[in-house]
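A.B. asks: Structure provided below as C-alpha cells; questions to follow.
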Amino acid sequence: MSRTVSSWILSSARNSIVSQGKGRLYSFCIPNRSKIGWKLVFSKTCLYPAGSCGLDNTFSSKAFRHTSTEEEHFSFQLSPSQINDILRASEFSHKILDLNGKNANSVLKFESNQLASNSPIEDRRSAVTCLQTRGMMFGVFDGHAGSACAQAVSERLLHYIAVSLMSRQTLEEIELAVECMKPVPPFLQWHRHTNDIEYREITSQYFENLRVYWQHLLDLDTELGFSLEEAMICAFKRLDSDISLEVQAPQESELMRNVALQVAFSGATACVAHIDGVHLHVANTGDCRAILGVHEEDGTWSALPLTRDHNAYDEFEIRRLKREHPRSEEKTLVVNDRLLGILMPSRAFGDVQLKWSKELQHSVLENSCDVEALNIYQYVPPNYYTPPYLTAEPEVTYHKLRSKDKFLVIASDGLWEMLSNEKVVKFVAGHLTELNVQKPQLAFEKPVNLGYMRSLLLQRKNRGIASLDQNVATHLIRHAIGSNEYGEVDQEKLAAMLTLPEDLARMYRDDITVTVVYFNSETIENYYKNN
C-alpha cells in the first residue's frame, strides 16, 4: 500500500475525531458508523462507542493489525494468501442432500460468511432445518452496544418460531414428555460454523422459558393454530417480552443475572426467512435486509427487495412513530436521524432503555451488582415521556417463489452500507457465471475450443481475479470492502480495510454478515407442473 493512501486514511480518521472536540464526550463523535451514539468510552487516542473495539482488545488477524495510530508503526502489507485467510476464516456452506435424484427441497444450498469490525463481532447468524414442522429458516442478527442480545436472539428466536408453528397435538406430546422426564425430540437441526458461539451454560434456562411459551399456546385452546405470518410476529414479540421479563426476575446464579442484564440492555435487529417449498416468508425487525436475485426472461438480472429498513430514513416508520406518540413529541422523536437522537434502527430486540419507564430502569439497575463492570449504565435521553419508543414487532413479507427466482441474500447493514441491492445481485450472478466457467468438462460434453479457453483466461487475468472465492458470501464481502469506483477489487484498498487498527476500523466499516440461499429451480418448476 502506498504511503499516500495510508497517510490519507490516518489523517482523515484523526480529523474526524479531533473535529468533534478534544476530550469531550459527544453523542455524534463517529457519525453514521455506530448504531448507538450515546454510550461512549474515552481513550487517550480517540472517542468511540462503548461496546465497540477498544485499544486493549485483540483480533483474529492480530499478526496483521495494529492498534497504534502512529503512522510509522502502521502497516497495510498483506499478501493475497493472508487476505484470503482473513476473509475466509468464518465462511460456511451447506448443500441439501439429494436422495435418489429426487430433491424435493426448494433450497439447493446456502453459503454464509461474516467479517468483524467490532472486537468481538456483534453480528450473529443462524440456519436450521425444521424437524417438527416443515421448511428451513435462515437468520441474520445485527447487535449493538455489545453482542449479548444478538447472541441470545440468534439462539432462541428460531425455536420460538418453530414452537409457534407446531400443531396442538405436537405441543401436547412435547409437554407430556417433559412432565414425564422423557427425552424431548429436537425441534431444529442446526447448521453451524465451528466458530459460531453457543451459550450452553444457560440453555436450560432458555428452555424453561420456551416451555412457558408453549404452555401459553396450549392455554389458548385453539385448534386452528397460527398462520406462518402470525407465528413469526408472535414469536418475535414473545421473545422480546421474555428478554425484558428475565432481567426483572430473580435468577439462579450470578452468571444468569449478568447475562440477562447484558442481553436486555444491549440490542439487536433481526431478519429471518422461512422457506417451505415455494412459500417464502421474511420477517424483519430493524435494518438488516433481504433481497431476491431474479433472472429475467431476457437474460438480465434484477433485485427484488423483501424488507424495508426500519430507520429514520423510512417515511412509513416516521408515520408509525408519530401515530404512537403525542403530537407534542413530533419534533423530538427523531433527532439527527436517530430515534430520540440515540438509536439508528427504529425497531429492535432488547434496548430496554427505550422501552421501560424511568422508574423501572432505576429499580432494576439499583438492585443489580456492579453493572459498570458489565458496561451497563443508566441513561435516560432527553424528551423521554411516553415509552416504549422501540418495538421488536416485525414486518412479514410473503413471496411465492418462481423458477426465475434464483437466490436469496440476507445480510446485516454492514453489507448494504457498502453495496446497493443491484450490485449485490450483480456480484452473485457474476460469481455463478465464473463458477460455471471453472467447472471441469465432462467426457460426453462438446470439446471447448482452445482459443475460447485462452480468451476466458485472458478475461479473468484482466479483471485481476487471482483465485475465485468458492463461497459467494466471501465474494460479496471482498467486493464490499475492497471495490473501487469501477466495481473491481482494489488489492491495496482491501489490504487497508483489513489492517486498520481496531480503534479506527469501526469508522470505515461495520461488522458484515451475509447468507446467500440458492433455490432449486427444477423443484420449483415441478411444483407448478403438478399444481
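The values are calculated or read from the model by the stated rules, or taken from the named source; none is laboratory data. For clarity, every value in this text was computed on a predicted model and none was experimentally measured. Neighbour counts run over all protein chains shown; Cβ positions are idealised from the backbone, glycine included. What goes into the accessible areas is simple: the full protein's heavy atoms, side chains included, and nothing from ligands, DNA or RNA. Shrake-Rupley method; radii C 1.70, N 1.55, O 1.52, S 1.80 Å.
A.B. asks: Of all the accessible heavy-atom surface of segment 80-530, with the other protein chains kept in place and a 1.4 Å probe, what percent is carbon and sulfur? Working shown, then result.
C.D. replies: On the way: 10590 of 20590 Å².
Carbon-and-sulfur percentage of accessible area, whole number: 51.
A.B. asks: Here's another thing I want to ask about it. So if we plug the beta-carbon distance of Asn436 and Tyr398 into 1/(1 + (r/R0)^6) with R0 = 30 Å, what FRET efficiency do we get, rounded to 0.05? Don't skip to the end; give the middle numbers.
C.D. replies: Details: r = 31 Å, r/R0 = 1.05.
Computed FRET efficiency for Asn436 and Tyr398: 0.45.
A.B. asks: Kindly report the accessible area of segment 80-530 per residue (heavy atoms of protein chains, probe 1.4 Å, no ligands, DNA or RNA), in Å².
C.D. replies: Numbers: 20590 Å² over 451 residues.
Heavy-atom SASA per residue in segment 80-530 reads 46 Å².
A.B. asks: What area, in nm² and to one decimal, does the C-alpha convex hull of segment 80-530 cast on average over all directions? Don't jump to the answer; show the numbers that get you there.
C.D. replies: On the way: hull surface 103.6 nm².
If you wrap the Cα atoms of segment 80-530 in a convex hull and average its projections, you get 25.9 nm².
A.B. asks: Please work out how much length the chain gains when fully extended from Leu245 to Gln189, using 0.36 nm per residue of separation minus the C-alpha to C-alpha distance, in nm with one decimal. Provide the component values of the computation, followed by the final result.
C.D. replies: Details: separation 56, 0.36 × 56 = 20.16 nm, distance 2.80 nm.
In short, 17.4 nm is gained.
A.B. asks: By how many nm would the segment from Ser167 to Gln491 lengthen if fully extended, with 0.36 nm per residue of separation less the alpha-carbon distance?
C.D. replies: Numbers: separation 324, 0.36 × 324 = 116.64 nm, distance 5.33 nm.
Extra length from Ser167 to Gln491 when fully extended: 111.3 nm.
A.B. asks: Provide the packing ranking of 269-282, 184-197, i.e. peptides ordered by the mean count of other C-beta atoms within 10 Å per residue, highest first.
C.D. replies: 269-282, 184-197
A.B. asks: What is the gain in length, in nm to one decimal, between Ile197 and Glu372 on full extension, counting 0.36 nm per residue of separation less the C-alpha to C-alpha distance?
C.D. replies: Details: separation 175, 0.36 × 175 = 63.00 nm, distance 2.43 nm.
Between Ile197 and Glu372, full extension yields 60.6 nm more.
A.B. asks: Could you compute the FRET efficiency for Arg319 and Arg211, with r as their C-beta to C-beta distance and R0 at 30 Å, rounded to 0.05? Spell out each step's value before the answer.
C.D. replies: Working: r = 39 Å, r/R0 = 1.28.
After rounding, the FRET efficiency stands at 0.20.
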